[in-house]
Structure formats: C-alpha cells, structure tokens
Amino acid sequence: MAESGSAESTLLRGTAIFAAAVTVVLYLFGLLLVGVALSEAESGADSTPMHQCRDAGDRPQNVQVDARQVQFLPLRVLCRTPDGREFTSGVVPPWLNPTLAVSFAATVALTAAAFVQADRRAAARQASARS
C-alpha cells in the first residue's frame, strides 16, 4: 500500500512539473512571435505601422493605425487608431491565450494536489510511527 501512495505521489508531481513546463514553453512561444513581429516592424521600408495591424481581421474600415502596445497578460499586441480605438493584431494566434490559461490552471491545481497528498502522507507516517 505504501508503494502505491509513493507511485501516485510521484505521478502527481511529475504531471504538475510537465504542466508547468508546457505553460512556460507556450508563453515563450508567444513572446517569440511578438518579438519577431516587433523587430520586423522596427526597420525597413513599409514597416510602420506593423503589417499585422494593417491586415488585422477586426480592424475598423478605412482607419489609420498610429501606435501599438504590447500586453504580456494576456499576451497580445494592440493596435491603436488616432481616435483612440484599439483592436488586436494577428501576431498572437487566437488559441494561445486560452491554452495558456488552461495550462496554468492545471499547473496550479496539480501542484496544490501534490502538496495536499504530501501533507497527508506525512501525517499518515507520523500516525504509524506513534503506533
């Protein structure tokens, strides 16, 4: 029985670590996409405003883009018009932020479960040592 609890604990910790690694990799992937788009927009002819701001699907009709802003949570690049309207560029894929949220929530839940299980195992060891 002790072996089963140990295997479950190891599996739970391993799964929590894997979920954390997936979260980090996804976030770094998003940062890479943003970084490449911003560096592309910094130089060259026809680079301002960003191509992603000019070609965005939710861009208002016949409007100029004069600024951009990077947000890190949720990860996105906002394009701003002279009249103050904002819309999202297509730099970050639409599936990335929801996937990051689910992955982060799984990491938190699995880590909490691993701590609870470790606490229960420690209490059970203390109880058996007293007996």
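Inspect all residues belonging to segment 53-70 and state whether any of them is at pLDDT below 75 and among the basic types (Lys, Arg).
So far as segment 53-70 goes, yes, one or more of its residues are at pLDDT below 75 and among the basic types (Lys, Arg).
Say whether the condition of being farther than 20 Å from GLN52 by Cβ, modelled with pLDDT of 90 or more, surrounded by 14 or more Cβ atoms within 10 Å (Cβ to Cβ) and touching a helix residue (DSSP H, G or I) at 6+ places or on another chain (Cβ under 8 Å) is met by at least one residue in segment 116-127. I'd like the intermediate steps shown before the answer.
Going through segment 116-127, the residues farther than 20 Å from GLN52 by Cβ turn out to be 116-127.
Now narrow it down to the ones that are modelled with pLDDT of 90 or more: 116-117.
Still in the running and surrounded by 14 or more Cβ atoms within 10 Å (Cβ to Cβ): 117.
Narrowing further to those that are touching a helix residue (DSSP H, G or I) at 6+ places or on another chain (Cβ under 8 Å): 117.
Yes - at least one qualifying residue is present in segment 116-127.
Output the residue which, of all residues in segment 73-115 that are touching a strand residue (DSSP E or B) at 6+ places or on another chain (Cβ under 8 Å) and in a helix (DSSP H, G or I), is least open to solvent (accessible area, probe 1.4 Å).
LEU96
Of the residues ALA2, ALA21, only one is closer than 30 Å to ARG125 by Cβ, at pLDDT below 85 and open to solvent by 30 Å² or more (accessible area, probe 1.4 Å); which? Spell out the reasoning first.
On the way: ALA21 fails: at pLDDT below 85.
Exactly one residue qualifies, and that residue is ALA2.
What about SER43, is it of a type in the set (Ser, Thr, Tyr) and modelled with pLDDT under 85?
yes
Taking ALA113, is it over 18 Å from VAL25 (Cα atoms), hydrophobic (A, V, I, L, M, F, W, C), modelled with pLDDT under 90 and over 16 Å from the mean Cα position of the chain (by Cα)?
Answer is no for this residue.
The values are calculated or read from the model by the stated rules, or taken from the named source; none is laboratory data. These numbers come from a predicted model, not from an experiment. Note: ideal-geometry Cβ built from the backbone for every residue, glycine included; neighbour counts use all protein chains shown. Areas reflect the complete protein model, heavy atoms only, side chains present, ligands, DNA and RNA absent. Shrake-Rupley method; radii C 1.70, N 1.55, O 1.52, S 1.80 Å.
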